[in-house]
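The values are calculated or read from the model by the stated rules, or taken from the named source; none is laboratory data. Since we're looking at a predicted model, the values are computed, not measured. Here the Cβ is made from the backbone with ideal geometry for all residues, glycine too, and neighbour counts use every protein chain on show.
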Amino acid sequence: MINYRGKLRKMLSGYQGRPFVVRYWDGASEQFGQGGPSFALYFKTKESLRRSLLETSLGCGEAYARGDLTVEGDLVAALTALGEAYMALEPERLLTGWARRAVARTLPREKADIEHHYGLGDEFYKFYLDKKLQYSCGYFRTPEDSLDLAQEQKIAHTVKKLQLQPGQRLLDIGCGWGHLMFHAAEVYGVECVGITLCDNQASYIREEAARRRLPVEVRTINYLELDESIKWERVVSVGMMCHVGEHRANQFFDKVKSLVTPKAICLLHCISKMKESSGADPFVEKHVFPGYWFFSLEGLVKRAVDREMNIIDVENLRLHYARTLEHWRARFLRNYDEIKAVMGFDDRFMRTWEFYLASAEAGFHTGHLNLIQMVMTNGVRTDYPLTREFLYETEARAFAHAV
């Protein structure tokens with residue numbers, strides 16, 4: 001008979017993080033780390049421990065969603081500790097836990113995967129996102145910045161890097177609820193077209209653009225269906241790259257290359273991992289974001305350079321995303337009962353979502369995940385600002401210096 005407690009003990013033998021206690025279904029317990037415990041893991045069944053060890057995040061996440069694994073205290077700290085322990089597993093065991101589902105990635109399948117997550121309804125996201133429904137990392141100038149302010153600052157920070165000029169045309173691939181386009185059209189006088197696979201997002205954008213009388217259009221198509229005879233001076237993609245998937249990465253960069261004018265400026269804002277070979281977490285891929293994949297910075301740069309896209313700026317906003325997720329999770333928990341009542345979600349769904357938000361926050365805190373903003377040009381430009389000072393000026397001054 002396999003001694004799973006012994007395996008857990010061995011896995012955590014070199015653990016040096018925050019001290020914690022593990023409690024078992026039969027009343028036994030043991031502590032890991034030195035000092036007073038800051039949180040406790042409670043495995044209510046032997047099966048929950050077995051699956052957490054054998055299936056890593058998938059087993060752990062599903063046990064938490066079922067209520068067979070609970071955490072007393074800081075869930076993010078607990079998942080950070082487990083994440084560090086999983087990294088100590090033998091490579092063969094880790095790969096077993098991270099086995100991915102083999103699903104044919106057709107365009108209808110991709111739309112269905114997007115709808116699985118974003119089709120939950122705007123009302124749900126309003127419970128924990130900012131007022132503009134920005135479903136990507138904010139930009140915190142100070143630790144005291146509110147989530148709403150951080151998301152406004154993220155939009156401004158991102159758009160400044162595009163060096164927009166009046167009359168230019170901006171393509172937003174994976175435009176979300178459209179607020180980056182609204183900002184670009186309103187402040188810089190550019191025409192914007194966004195694409196999304198979510199009907200609810202498209203409806204919102206059309207109504208808001210009409211209400212504000214802005215030159216913003218939205219299309220519900222896959223980026224691969226964009227007409228290559230129409231060229232764009234600027235292209236931005238915020239938080240969409242993870243949905244491209246490992247299998248279509250080269251197609252994505254080929255498509256962007258085919259859509260842009262000479263000297264065009266493009267910005268890619270996406271989550272990345274240190275190693276591309278482990279780009280999808282099995283729990284998140286199965287229950288939250290089917291079909292997603294996180295690329296490595298190395299892989300992104302190589303694909304861009306192979307297509308003669310010139311990399312001119314790379315910024316890592318990892319800690320900004322950790323703080324963003326902290327805000328999202330706090331709002332989610334604060335509105336927990338109301339979400340259940342209004343949306344009709346059961347406890348398993350709610351615990352799945354809580355685990356997803358907490359595990360992502362832990363990933364950014366530990367450096368397992370990064371948030372990359374990569375600016376590239378189609379060919380070489382010599383007129384991009386020499387320093388980043390323009391990013392920290394008011395938009396009026398930055399606009400005056402735009403190329």
Practice item. Have a look at Arg234, Arg219 and point out the one that is more than 27 Å from Ile312 (Cα to Cα), in contact (Cβ under 8 Å) with a residue 12 or more places away in the chain and of a type in the set (D, E, K, R). Key: Arg219
Review point. Which of the residues belonging to the stretch 357-371 are over 21 Å from Glu144 (Cβ atoms) and surrounded by 21 or more Cβ atoms within 10 Å (Cβ to Cβ)?
Key: Leu357, Ala358, Ser359, Ala360, Ala362, Gly363, His368, Leu369
**Study point:** Single residue of the stretch 260-297 satisfying the filter (of a type in the set (Gly, Ala, Ser) and in contact (Cβ under 8 Å) with a residue 60 or more places away in the chain) that is nearest to Leu319 (Cα to Cα)
**Key:** Ser272
**Study point:** Those residues of the stretch 191-222 which are crowded, with 21+ Cβ neighbours inside 10 Å and touching a Lys or Arg at 6+ places or on another chain (Cβ under 7 Å), in sequence order
**Key:** Ile195, Leu197, Val218
Check your understanding: Out of curiosity, is Glu30 out of contact with any Gly (no Cβ under 9 Å at 6 or more places or on another chain), modelled with pLDDT of 90 or more and among the acidic types (Asp, Glu)?
Key -> yes
Point to revise | Residue count, the stretch 122-172 (criterion: out of contact with any Gly (no Cβ under 8 Å at 6 or more places or on another chain), outside any helix (DSSP H, G or I) and of a type in the set (Gly, Ala, Ser)) | key: 2
Check your understanding: Residues Leu297, Leu333: which one is under 24 Å from Leu147 (Cα atoms), surrounded by fewer than 21 Cβ atoms within 10 Å (Cβ to Cβ) and hydrophobic (A, V, I, L, M, F, W, C)?
Key -> Leu333
Practice item. Among what's in the stretch 233-251 and is surrounded by fewer than 21 Cβ atoms within 10 Å (Cβ to Cβ) and hydrophobic (A, V, I, L, M, F, W, C), pick the residue that is nearest to Ile173 (Cα to Cα). Key: Cys242
**Study point:** helices (runs of 4 or more DSSP H) contained in the stretch 229-330 and holding at least 1 residues in the same structural domain as Glu191 (by TED's automatic domain parsing), over 20 Å from the mean Cα position of the chain (by Cα) and at pLDDT below 90
**Key:** none
Check your understanding: Do we have Ser57 as touching a Gly at 6+ places or on another chain (Cβ under 6 Å) and surrounded by 21 or more Cβ atoms within 10 Å (Cβ to Cβ) here?
Key -> no
